[in-house]
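Engineer: Before anything else, here's the structure in question.
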Amino acid sequence: MQPEHDCIQLGHGGGGALSQWLIRTLVVPGLNGGPPISNGVTALHDAALLQAPSGRLALSTDSYVVRPLFFPGGDIGRLAVIGSVNDLAMAGARPLALSLGLIVEEGLPLATLERVIASIRAACALCEVAVITGDTKVVERGNADGLFVNTTAIGVVEHSLAIGPPAVQPGDAVLVSGDLGRHGLAILAARPELGVRTNLDSDLAPLRPSVQQLLQAGLTLHCLRDLTRGGLAGAIDEIARDASCVIELEETAIPLHPAVRGACELLGLDPLTMANEGRMLVICPEPQADQALALLQRQQPEAARIGRVVRRTQQQDLFDSLHPVKLRNALGVLRPLEVGRGEQLPRIC
């Protein structure tokens, strides 16, 4: 069945002929890079079957509501794939498969959807993972900013480490895998009403290659965290609370591109709360910090050591309990790290 219009209609989500055309002619071939599927070639079923590997499994899900759909250095499709695969990487997991949920707004041009699907396919190839199941819904005009995407990723953990906040110890080093804030600035620049101009692209990129290098080097990774919504400030505060530790960061050591710093000063934003999509925190034992940093700098020369885990939080110390992360400025003065409250601007990621 050929479409009568060049935009999404409510009928594309109705489960009938238009739905079948959308899935069989646009979505599935777009993901596979092949011709339209036909009866007897590819079965569309309610559930995909996986061969269970040996080892622990990791599972992560996320929804993506970025506006605009396309921005410097990426788009909502690339973001959805890499974002979920990066979440698996924070457990040191190798991705096995993805599910893909599309919530499409009535009136979205079919060409836009095709472009997003092609980007999803390219990102899957980059991350060496396939979409094996999914769902498509259509909502009324004005209810979805064009397109929302949900991805769920499943992966296998092929190491024996327990990577996470409970493993964090006093004395550990805190590293960041690159300069911060590029993704947030790219989204701001893509919104013409804000008047922000920049040549920087989003930092959107897979983190698994860096994690693989760290694991293959035999390093004892205590905690990994990708710095998405909430940025560095949100991530390190959450880790400190979950680990019951006090962490001190060196403000001058935190890598920021001059364009990010300048835009944040102009708009009154905190770069440490800016969203990232290709940056992570690495917390590891102090004796391994130099080796870990050298490996991170192979991927991103801006990677830096930015602080350390100082001590366990004492229950009787109310200040440490309220403010477990401290920021030391250029004068050596410690102040509590402020965590962002609410959204700096809507739909960053």
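Engineer: Taking the stretch 196-237 only, how many residues are modelled with pLDDT under 95 and among the hydroxyl-bearing types (Ser, Thr, Tyr)?
Structural biologist: Residues meeting the conditions: 3.
Engineer: Working only within the stretch 98-128, note down all residues that are under 29 Å from Gly11 (Cα atoms) and not in a helix (DSSP H, G or I).
Structural biologist: Across the stretch 98-128, the qualifying residues are Leu98, Ser99, Leu100, Gly101, Leu102, Ile103, Val104, Glu105, Glu106, Gly107, Leu108, Pro109.
Engineer: A further question follows. For the condition modelled with pLDDT of 95 or more and surrounded by 17 or more Cβ atoms within 10 Å (Cβ to Cβ), what is the one hit in Ala259, Ala240, Ala253? Step through it out loud before you land on a result.
Structural biologist: On the way: Ala259 fails: modelled with pLDDT of 95 or more; Ala253 fails: surrounded by 17 or more Cβ atoms within 10 Å (Cβ to Cβ).
Result of the check over Ala259, Ala240, Ala253: Ala240.
Engineer: If you go through the stretch 39-60 one residue at a time, do you hit one that is in contact with a helix residue (DSSP H, G or I) (Cβ under 8 Å, 6 or more places away or on another chain), assigned to a loop (DSSP other than H, G, I, E, B) and crowded, with 17+ Cβ neighbours inside 10 Å?
Structural biologist: Scanning the stretch 39-60 turns up no residue that is in contact with a helix residue (DSSP H, G or I) (Cβ under 8 Å, 6 or more places away or on another chain), assigned to a loop (DSSP other than H, G, I, E, B) and crowded, with 17+ Cβ neighbours inside 10 Å.
Engineer: From the list Ala80, Ala91, exactly one residue is under 15 Å from the mean Cα position of the chain (by Cα), assigned to a loop (DSSP other than H, G, I, E, B) and buried (at least 17 other Cβ atoms within 10 Å of the Cβ). Which is it? Even if it seems obvious, please write down each step before you answer.
Structural biologist: Values: Ala80 fails: assigned to a loop (DSSP other than H, G, I, E, B).
The match here is Ala91.
Engineer: Then there is this: If you scan the stretch 275-323, which residues turn out to be under 25 Å from the mean Cα position of the chain (by Cα), among the basic types (Lys, Arg) and part of a strand (DSSP E or B)?
Structural biologist: If the condition is that a residue be under 25 Å from the mean Cα position of the chain (by Cα), among the basic types (Lys, Arg) and part of a strand (DSSP E or B), then Arg305, Arg308 are the ones that fit.
Engineer: Of all residues in the stretch 118-137, count the ones that are under 18 Å from the mean Cα position of the chain (by Cα) and not acidic (Asp, Glu). Even if it seems obvious, please write down each step before you answer.
Structural biologist: Going residue by residue through the stretch 118-137, those that are under 18 Å from the mean Cα position of the chain (by Cα) are 119-131.
Add one more test, that the residue is not acidic (Asp, Glu), and what stays is 119-127, 129-131.
Matching residues across the stretch 118-137 total 12.
Engineer: Related question: In the stretch 238-269, how many residues are within 21 Å of Gly332 (Cβ to Cβ) and acidic (Asp, Glu)?
Structural biologist: Of the residues in that region, 3 qualify.
Engineer: Any residue at all in the stretch 117-128 that's among the charged types (D, E, K, R), surrounded by fewer than 21 Cβ atoms within 10 Å (Cβ to Cβ) and closer than 18 Å to Ile154 by Cβ? Spell out how you get there, then give the answer.
Structural biologist: As a first pass, look at the stretch 117-128 and keep what is among the charged types (D, E, K, R): 121, 128.
If we keep only those that are surrounded by fewer than 21 Cβ atoms within 10 Å (Cβ to Cβ) as well, we get 121, 128.
Now restrict to residues that are closer than 18 Å to Ile154 by Cβ: 128.
Among the residues of the stretch 117-128, at least one is among the charged types (D, E, K, R), surrounded by fewer than 21 Cβ atoms within 10 Å (Cβ to Cβ) and closer than 18 Å to Ile154 by Cβ, which makes the answer yes.
Engineer: Take the stretch 252-271 and flag every residue that is under 21 Å from Gly171 (Cβ atoms) and over 21 Å from the mean Cα position of the chain (by Cα). Break it down into steps so the answer makes sense when it comes.
Structural biologist: Quick first cut of the stretch 252-271, residues under 21 Å from Gly171 (Cβ atoms) only: 253-254.
Answer for the stretch 252-271, where residues must be under 21 Å from Gly171 (Cβ atoms) and over 21 Å from the mean Cα position of the chain (by Cα): just Ala253.
Engineer: Say whether the condition of being closer than 30 Å to Ala122 by Cβ and surrounded by fewer than 17 Cβ atoms within 10 Å (Cβ to Cβ) is met by at least one residue in the stretch 278-287. Give the steps one after another, and end with the answer.
Structural biologist: First pass over the stretch 278-287, keeping only residues closer than 30 Å to Ala122 by Cβ: 278-282.
Checking which are surrounded by fewer than 17 Cβ atoms within 10 Å (Cβ to Cβ) leaves us with none.
No, that holds for no residue.
Engineer: How many of the residues making up the stretch 9-26 are in contact (Cβ under 8 Å) with a residue 60 or more places away in the chain and hydroxyl-bearing (Ser, Thr, Tyr)?
Structural biologist: Qualifying residue count, the stretch 9-26: 1.
Engineer: Find the residue count for the stretch 129-176, including only residues that are part of a loop (DSSP other than H, G, I, E, B), in contact (Cβ under 8 Å) with a residue 12 or more places away in the chain and out of contact with any Gly (no Cβ under 8 Å at 6 or more places or on another chain).
Structural biologist: Filtering the stretch 129-176 for residues part of a loop (DSSP other than H, G, I, E, B) gives 129-130, 140-146, 158-164, 168-172.
Applying the additional criterion that residues be in contact (Cβ under 8 Å) with a residue 12 or more places away in the chain yields 129-130, 140-146, 158-159, 161, 163-164, 168-172.
Within this subset, residues satisfying the condition of being out of contact with any Gly (no Cβ under 8 Å at 6 or more places or on another chain) are 129-130, 140, 142-146, 164, 168-172.
The qualifying residues number 14.
Engineer: For the stretch 138-158, which positions are surrounded by fewer than 17 Cβ atoms within 10 Å (Cβ to Cβ), over 22 Å from the mean Cα position of the chain (by Cα) and not basic (Lys, Arg)?
Structural biologist: Val139, Glu140, Gly142, Asn143
Engineer: For the stretch 226-237, enumerate the residues that are assigned to a loop (DSSP other than H, G, I, E, B) and buried (at least 24 other Cβ atoms within 10 Å of the Cβ).
Structural biologist: Quick first cut of the stretch 226-237, residues assigned to a loop (DSSP other than H, G, I, E, B) only: 227-230.
Across the stretch 226-237, the qualifying residue is only Leu227.
The values are calculated or read from the model by the stated rules, or taken from the named source; none is laboratory data. What you are looking at is a predicted structure, and each value in this text was computed from that prediction instead of being measured. Virtual Cβ from ideal backbone geometry, glycine too; neighbours counted across all protein chains shown.
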